[in-house]
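One structure is given here, and the rest of the page talks about it.
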Amino acid sequence: MTSPTGLAGRRVVVVNWRDLDHSLAGGAEIYAWQYARALREGGAHVRFVTTREKGQSARAVRDGIEVRRGGGALGFYLFALAWLLRHRRDIDTVIDPACGLPSFSPLVVRRRTPVLLVVHHVHQAQFAVHFPAPVAAFGRWLERVAMRRVYRRRVVAAVSPSTAAEMRSQLGWRGDIRILENGAELPPYHAVEAATKDADRVVVLGRLVTHKRVDLALDAVALVSARTGRDIHVDVVGQGPEHDRLVAHAAGRGLGGLVTFHGYLSEEEKGDVLARASVHVCASDAEGWGQAVIDAAAWGVPTVARDVPGLRDSIRHAESGWLVADDADRSVVTTRLAQRIEAALADADDPTTRIHRARACLAWAHRFDWSQMRAHARDLTTEMLTGRTPTPAVPTTHASLAWPSERC
């Protein structure tokens, strides 16, 4: 007997480059885990196959989901394909998010096993940022040519309309693309609390990696501080390989005593930072979806960001934040960001204006939550497995379920 979602007893594998416990986990990892949770709530037996970072165990159980780890940053792909090949007869469906590249699971699973490719954003421009030219060229080919061919007969979803548009324009994707949006954890925050925010406090959320361009955000704040004489404090929340360079960069711009690099913060600690902030700055080159934007909006904090894919989906311009025109010239972008940040901070000087802006942010943020995303994920997976659209039902948690013993 199956549950109303058609997932009870189904054996599902989510293959994602990192899990929540990885030191570089970010929005893509939260999304993948929420997808896994959705299927678990629907009654499925769920395994999460991921990279094994130094210090991590090969196996773990979290939220009733079995985690299997192996391989390093690149060795993960061989590990994942070998694992899927070994267990192909015990898999009913695979959820395969592309974190730069997917696992290419259709190459090893049975032909009749449904596979869902989830694309966060297109990485054609980013490969050159992170890899030497020959490796970058190979990465672009894998994403533009190999991925399209391997998944051409599989179900494909993008996390935003921007990502779907980029898939068509940059990758030449011709097939159907579903939209399965992100969600957010929405705290019990009320707009009137914005009256107590610090008008000179800016926050930057996200992993400290090159394409997030935290250095541009710091440069823009430095310009505002120099032009206005305001003592603007910047809270940088996140960790990553760019940390040391960004600390030195902030000091070089005269912001050493005004920038706090918090590293990783718990949700409660991050909430404390957001509750004080008046403006969030996101200078990323591109995003699949601005998860940090919605996280900030849920605390009544508007975002100043570049008008690039993903961010233009997660910001309602002039309501929940502001988009500034992008440009290939870094100095032009920095100047535009600074002008918009300066105007936003000037607005924040008035507590009434802060409350008004917080109301708009909260109204926007509450259009997105993880429970809604999980419901859509269950519906899509059920459709893949059964060929029918499920009847909406309240999900139940099956705490007693366990995956059948795996073959060794």
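Each reported figure results from applying straightforward, stated rules to the coordinates on display, with no laboratory input. These numbers come from a predicted model, not from an experiment. Cβ atoms come from the backbone with ideal geometry, glycine included; neighbour counts cover every protein chain shown.
Given H placed on each backbone N at 1.01 Å, which residues far from Val324 in sequence or on other chains put an amide H within less than 5 Å of it?
Ala305, Arg306, Asp307
Quick one: net charge of Asp272's neighbours, Cβ under 15 Å, K/R +1, D/E -1? Let's see the in-between values first.
Details: positive: Lys197, Arg201, Lys270, Arg276; negative: Glu185, Glu193, Asp198, Asp235, Glu267, Glu268, Glu269, Asp295.
With Lys, Arg at +1 and Asp, Glu at -1, the net is -4.
Show me, for the stretch 193-208, the HN-Hα J-couplings you get by feeding each phi into the Karplus relation (A = 6.51, B = -1.76, C = 1.60, θ = phi - 60°), rounded to Hz, glycine and proline as x.
5, 5, 4, 9, 5, 8, 5, 10, 10, 10, 10, 10, 10, x, 5, 8
Return the aspartates and glutamates within reach of Lys212: Cα separation strictly under 18 angstrom, same-chain partners fewer than 8 residues apart disregarded; answer none if there are no such residues.
Cross-link targets: Glu29, Asp235, Glu242, Asp244, Asp285, Glu287, Asp295, Asp307, Asp313, Asp326, Asp327, Asp329.
Go through the stretch 94-154 and name the trypsin sites (Lys or Arg not before Pro) that are in a DSSP coil and have 13 or fewer other Cβ atoms within 10 Å of their Cβ.
Arg110, Arg111, Arg112, Arg152, Arg153
Roughly speaking, what is the stretch gain from Thr210 to Ala73, that is 0.36 nm per residue apart minus the C-alpha to C-alpha distance, in nm to one decimal?
The Thr210-Ala73 span can extend by a further 47.6 nm.
Taking H as built 1.01 Å from N, whose amide H comes closer than 5 Å to the amide H of Ala60, not counting residues under 5 places away?
Counting only residues 5 or more places away or on other chains, the set is Val67.
Using a Förster distance of 60 Å, how high is the FRET efficiency between Ala226 and Arg89, based on the Cβ-Cβ distance and rounded to 0.05? Don't skip to the end; give the middle numbers.
Numbers: r = 65 Å, r/R0 = 1.08.
Efficiency for this residue pair is about 0.40.
Could you give the size of the charge dipole of the chain about its Cα centre, using +1 on the Cβ of each K and R and -1 on the Cβ of each D and E, expressed in debye and rounded to the nearest 20?
In total the dipole reaches around 2160 debye.
From the phi angles alone, apply the Karplus equation (6.51, -1.76, 1.60; θ = phi - 60°) to the stretch 233-241 and give each ³J(HN,Hα) in whole Hz, x where the residue is Gly or Pro.
9, 10, 9, 9, 10, x, 9, x, x
Between the stretch 111-162 and the stretch 178-217, how many Å separate their Cα centres?
27 Å
Measure nothing but the geometry: give the 0 to 90° angle between the long axis through the Cα atoms of 370-386 and the longest principal axis through the Cα atoms of the chain, rounded to 10°.
30 degrees
So what's the gap between the Cα centers of the stretch 30-102 and the stretch 336-380, to the nearest angstrom?
Here the two parts' Cα centres lie 32 Å apart.
By what distance, in whole Å, do the Cα atoms of the stretch 191-365 stretch along each of the three principal axes, largest value first?
38, 34, 32
Taking just the alpha-carbon atoms of the stretch 91-208, what radius of gyration and Dmax come out, in angstrom?
Cα only, the stretch 91-208: 18.7, 58 Å (Rg, Dmax).
Using the 10 angstrom Cβ neighbour count as an exposure proxy, how do Arg316, Arg47 rank, fewest first?
So the ranking, lowest neighbour count to highest, is Arg316, Arg47.
Compute the helix-to-body angle for 351-365: its Cα long axis versus the longest principal axis of the chain, expressed 0 to 90° and rounded to tens.
In the chain, helix 351-365 runs at an angle near 10 degrees to the longest axis.
Only helical DSSP H runs with n ≥ 4 go in: add -39500 (n - 2.57) per run for the chain, normalise by residue count and round the 222 nm mean residue ellipticity to 500 deg cm²/dmol.
Values: 14 runs with 152 residues, N = 408.
Calculated mean residue ellipticity at 222 nm is -11000 deg cm²/dmol.
Cβ under 15 Å from Ser169's Cβ, Ser169 left aside: what net charge do those residues give with Lys, Arg +1 and Asp, Glu -1?
Summing Lys and Arg as +1 and Asp and Glu as -1 gives +4.
Give, as a single signed number, the net charge of other residues whose beta carbon lies under 12 Å from the beta carbon of Leu208, with Lys and Arg counted +1 and Asp and Glu -1.
Overall, the nearby charge balance is +1.
At 10 °C and 1.306 mPa s, grab the translational diffusion coefficient of the stretch 231-317 from Stokes-Einstein with a Kirkwood Rh over Cα pairs, rounded to a whole number in µm² per second.
In µm²/s, the coefficient rounds to 115.
Could you calculate the contour length gain from Arg112 to Trp141, that is, 0.36 nm times the residue separation minus the distance between their Cα atoms, to one decimal place in nm? Intermediate results must be reported in sequence, preceding the final value.
Numbers: separation 29, 0.36 × 29 = 10.44 nm, distance 2.67 nm.
Gain on stretching Arg112 to Trp141: 7.8 nm.
I'd like the Karplus ³J(HN,Hα) series for the stretch 135-149: coefficients 6.51, -1.76, 1.60, θ = phi - 60°, whole numbers in Hz, and an x wherever there's a Gly or Pro.
Calculated HN-Hα couplings, in order: 5, 4, 4, 5, x, 5, 5, 4, 6, 7, 10, 5, 4, 5, 6 Hz.
Using only the alpha-carbon atoms of the chain as identical scatterers, what base-10 log of I(q)/I(0) does the Debye formula give at q = 0.08, 0.10, 0.15 Å⁻¹?
Normalising to I(0) and taking log10 leaves -0.44, -0.68, -1.39.
Towards the positive end of the charge dipole of the stretch 53-122, with charges on Cβ (+1 Lys, Arg; -1 Asp, Glu), say which of Leu81, His120, Pro102 has the farthest Cα.
Leu81
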